[in-house]
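The values are calculated or read from the model by the stated rules, or taken from the named source; none is laboratory data. Predicted model only: the values in this text are computed from it and were never measured. Here the Cβ positions follow ideal geometry from the backbone for every residue, glycine too, while neighbour counts run over all protein chains shown.
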Amino acid sequence: MTNLENSITSYFGVIAPEDLKTIVSFFKPETIKKNDYFLKSGKSCDKLSFVQSGFLRIFVETEKRDVTQWITTQGYFVTDLSSFVLGSPSRWTIQALTDTKVQSIYKEDYQNLNMLVSQWPVLEKLFIVHCFTIMEDRIFSHLSMTAEERYQFFFEHNRELFNQVPLQYIASMLGMTPETFSRIRKKMQS
């Protein structure tokens, strides 16, 4: 099974082999060059992509600073879910931090899966629940953990990011100023 097939099964649930083949057939390879945009805020998101390699930063620019919502890495899906599903303007900008290879399914093909995969409504619901659960877990960690605990937890699960993306993005994602992040990092390394 390919990484894409494994991730689809992980996010969407158990899928009959022929249905999995149908779903995967709609994902097309794309390369997003470093600093290019997957999506800009205010635009409608028309694709759901699986990251094969590279890093994408999901963020919003405010008057005071950029706020990083997430950094998507290999093996994960990326989209602005509300924009993709509801067609609303995106609030997030998604930019490549490195040359990034993705496999994308466009909205029209995604919607056509309803007619091609009999269990698609159930699978789609499981996908959205999975995404929602990830966000709930993230909110819970922000509410229940100290800054040091958030740093330690994130570091343990995402070590590769600390040497490959600007640390101010990780600080923002963890809800910290760069100064607080630097202080905690120095403390954890000693």
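In table form, for the structure just shown:
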read-out	value
Conditions (1) surrounded by fewer than 16 Cβ atoms within 10 Å (Cβ to Cβ); (2) touching a residue at least 40 places away in the same chain (Cβ under 8 Å): number failed by residue 167	(2)
The stretch 17-52 - residue that is assigned to a loop (DSSP other than H, G, I, E, B) and small (Gly, Ala, Ser) and, of those, farthest from residue 3 (Cα to Cα)	42
Any pair with Cβ under 6 angstrom, 6 or more apart, that starts in the stretch 1-19 at a residue that is over 19 Å from residue 130 (Cα atoms) and ends at one that is surrounded by 18 or more Cβ atoms within 10 Å (Cβ to Cβ) and at pLDDT 90 or above	19/117
Where a residue in the stretch 24-44 is small (Gly, Ala, Ser) and its partner, wherever it lies, is part of a loop (DSSP other than H, G, I, E, B), with Cβ under 7 Å and at least six apart	41/90; 41/91; 41/92; 42/90; 44/87; 44/90
Matching residues, the stretch 93-128, being assigned to a strand (DSSP E or B) and among the hydrophobic types (A, V, I, L, M, F, W, C)	94, 96, 102, 105
Test for residue 138: is it basic (Lys, Arg) and closer than 24 Å to residue 96 by Cα	yes
Residue 119 being more than 22 Å from the chain's Cα centre (by Cα) and not hydroxyl-bearing (Ser, Thr, Tyr)	yes
Qualifying positions in the stretch 156-180 - modelled with pLDDT under 95 and of a type in the set (Phe, Trp, Tyr)	162
